[in-house]
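In what follows, a structure is listed as structure tokens, so that the remarks can point back to it.
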Amino acid sequence: MTTPLDHPLRREVTIGRKPYTLTIDPEGLKLTEKGRRKGIELTWESLANGDAGLAAALQASVAPRR
């Protein structure tokens, strides 16, 4: 038996020595730098349809550079 995802689940992950927050909710996934609000979002529908790679590439191409 699986547990339904009815509220956001947040976990910290380290990528290349930088801490990130991964939020999993009923709408999809969101990965943000820890302490930031903006990040990469991916809906469950786009992941299931195979549009995930295209969506990630598009968001990366329009993201502001630091």
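Just want to confirm a number: the relative contact order over the stretch 9-62, from Cα pairs under 8 angstrom separated by 6+ residues, in percent.
Result for the stretch 9-62 is 21 percent.
For I15 and N49 in the same chain, what is the full-extension length gain: residue separation times 0.36 nm, less their Cα-Cα distance, in nm?
Gain on stretching I15 to N49: 9.6 nm.
Just to verify a number: FRET efficiency for R37 and V62, C-beta to C-beta distance, R0 = 25 Å, to 0.05? Intermediate results must be reported in sequence, preceding the final value.
Working: r = 17 Å, r/R0 = 0.67.
Working from the Cβ atoms, E equals 0.90.
Could you pull out every one of the aspartates and glutamates with an alpha carbon less than 17 Å from that of K34, ignoring same-chain neighbours closer than 8 positions?
E12
No value in this document is a laboratory result; all are computed from the given coordinates. All values reported here derive from a predicted model rather than from experimental measurement. Counting neighbours? That spans all protein chains shown, and the Cβs are built from the backbone with ideal geometry, glycine included.
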